[in-house]
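Input: a single structure, listed below in structure tokens.
The values are calculated or read from the model by the stated rules, or taken from the named source; none is laboratory data. Given the structure is predicted, the values throughout are model-derived calculations rather than measurements. In this analysis, Cβ positions are derived from the backbone assuming ideal geometry, glycine residues included, and neighbour counts consider all displayed protein chains. Note: accessible area is taken over every heavy atom of the protein model, side chains too, but ligands, DNA and RNA are not part of it. Shrake-Rupley method; radii C 1.70, N 1.55, O 1.52, S 1.80 Å.
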Number of protein chains: 2
Amino acid sequence: MRISALSEQSDVTVASIKFYLREGLLFAGESSSATQTEYDTRHVARLRLIRALIDVGGLSVAAAKAVLAAIDDDAMPIVYAFGIAQHAVTASLASSSRPSDESLAEVAALKAERGWQTFEENPGEPIVARVLDAFRAIGRPDLVELMPAYAEAAELVSRADLRSVVEVGTDDRSRMVETVVVGMALGDGLFTGLRRIAQEHNARQLGLPGSSIVREPGTDQEPEIDPKGNAS
Amino acid sequence: MRISALSEQSDVTVASIKFYLREGLLFAGESSSATQTEYDTRHVARLRLIRALIDVGGLSVAAAKAVLAAIDDDAMPIVYAFGIAQHAVTASLASSSRPSDESLAEVAALKAERGWQTFEENPGEPIVARVLDAFRAIGRPDLVELMPAYAEAAELVSRADLRSVVEVGTDDRSRMVETVVVGMALGDGLFTGLRRIAQEHNARQLGLPGSSIVREPGTDQEPEIDPKGNAS
């Protein structure tokens, strides 16, 4: 198909397609004549992946490029591809400020407690430590106690991620890497969205002041809530 | 203290302090003379909260302002303050594109299954539905099956959040709202960081191809890993 048909099928503008070609995110089509280039369904699939990473996953063009290069390089060991994806997906959260030794030690203690073993460059550790620093900076060291429950949730989610990778089967390398990368990039959004829903539900169940939902004392019954927020 | 001392104590530049004063994120100091303004420890605490929301939580100045206004307004019912915080913290993930009816129906089914009750405007639902759309767009409808594990993790995390709110006690309203807001804004980073650590650990335990860690078949023993990634 021509670039115009590719644009229509993928719902990506011709200008964007040309940009992705120039930046090396999208592989070139086949020249059918001096002035014509042919694209096929692999280009449609690739454009959808690019848009999922950028629009839904929130990756920068540079991060998406690094991640796609890792998917494409068949010679790259999967654990390296995985590391590249982790760093690319996490880049937007990175900061140059060094967390305190106290918070880094707390992250190390959590890792030891859970038996989590990682390389020293794991991008998650400074992020966690910086949040712990922020809790202390605002006078809320008590919030550090949130960490074990969050760690348990992170374990749950990453086990599910890995199960989805294993189900693909280890014989299809590029699909396996794609699963890891997509799960990582879109999984953050999936979790954040679900957390918002669970938060609102639990806040209402607790009957926070100002809410019209009050739990009957001494009962474990969940109150019925109609869409206007009135307890039945 | 003078603005220069406030800057030193809070580690925020004088220019930024003036900006936050002008934008209404920071309340004014007390005029001690025609040319002098006095600040106190409440200003230091507020500046730390502003920086935690913006630098660590990733909120825009406008979102931080909305959230701080909700903390300050004693007349605002807590559930409304909670809703404002949810929308402000989620704004960066929002998009104008409407998710498909199919994905919205899947989110509704999950809510029914878990007994999650929310208002229709909960900001999490379109985010989740858009991720499900992205899974399908890239030809990976199988990844929709990640949702139940992520939902379980979201439930765990939001219960921990709410416990930390309840521990504050319902008599200190502004501290309670602050706990909700800070937990929401910084909790995303806390979870994302921990997820990166758990991901790497679990990927290594699974012995993905290219990793040097191989699980002994028929045993449940976790292999020992040294920092270079070699199984013992």
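Some values worked out for this structure:
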{"read-out": "Protein accessible area in region B:76-205, 1.4 Å probe - carbon and sulfur %", "value": "54 percent"}
{"read-out": "B:Asp40, B:Asp74, ranked by accessible area, largest first (probe 1.4 Å)", "value": "B:Asp74, B:Asp40"}
{"read-out": "For region B:76-205, accessible area per residue (1.4 Å probe, heavy atoms of protein chains only), Å²", "value": "37 Å²"}
{"read-out": "Accessible area buried, both sides summed, chains A and B with 1.4 Å probe, Å²", "value": "8500 Å²"}
{"read-out": "Efficiency of FRET from Cβ geometry, A:Glu145 and A:Asp101, R₀ 22 Å, rounded to 0.05", "value": "0.65"}
{"read-out": "For B:Asp72, inter-copy label distances in nm, listed shortest first [label point 7 Å out on the Cα-Cβ vector]", "value": "5.1"}
{"read-out": "Förster radius 51 Å - calculated FRET efficiency between A:Glu120 and A:Arg22 (Cβ-Cβ, nearest 0.05)", "value": "0.90"}
{"read-out": "Calculated FRET efficiency for the pair B:Ser32/A:Ala62, C-beta based, R₀ 56 Å, to 0.05", "value": "0.65"}
{"read-out": "Residue-span extension gain [A:Glu113 to A:Asp40] - 0.36 nm each, minus C-alpha spacing", "value": "21.2 nm"}
{"read-out": "Anisotropy class of region B:1-56 from Cα gyration tensor, a/c 1.5 cut", "value": "prolate"}
{"read-out": "Using a 7 Å Cα-to-Cβ projection, A:Glu38 label spacings across copies, nm, ascending", "value": "8.3"}
{"read-out": "7 Å along Cα→Cβ, label-point gaps from B:Phe19 to other copies, nm, shortest first", "value": "2.6"}
